[in-house]
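Worksheet: the structure to be examined is printed underneath.
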Amino acid sequence: AAYRPYLQARLDEGVRLSSMTRHMLGLFNGMPGARLWRRVLSEQGPKPGAGIAVLDEALDAVASRVLA
């Protein structure tokens, strides 16, 4: 959550989402939903116009697995 304002500011400057989220791919390593986290960020992040919604989708995927 603390990274969101930074991500949004860089997105507003024209930085691609995948340039920032590639460093976050291992964040949930070994936890339920980690594979889905990586998949969402890897598949959706590089698309033109990808924004914070992609990060939210990936977080929701992890949360749904951890809280299940």
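The values are calculated or read from the model by the stated rules, or taken from the named source; none is laboratory data. Predicted model, so just to flag it, every value in this text is computed and none were measured. Accessible surface is based on the protein model in full, side chains and every heavy atom, while ligands, DNA and RNA are left aside. Shrake-Rupley method; radii C 1.70, N 1.55, O 1.52, S 1.80 Å.
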> Quick one: which of 49, 33 is at positive phi, open to solvent by 70 Å² or more (accessible area, probe 1.4 Å), more than 9 Å from the chain's Cα centre (by Cα) and modelled with pLDDT under 95?
Replying inline: 49
> Which of the residues spanning the stretch 6-30 are under 14 Å from the mean Cα position of the chain (by Cα) and open to solvent by 60 Å² or more (accessible area, probe 1.4 Å)?
Replying inline: 6, 8, 16, 22, 23, 27, 29
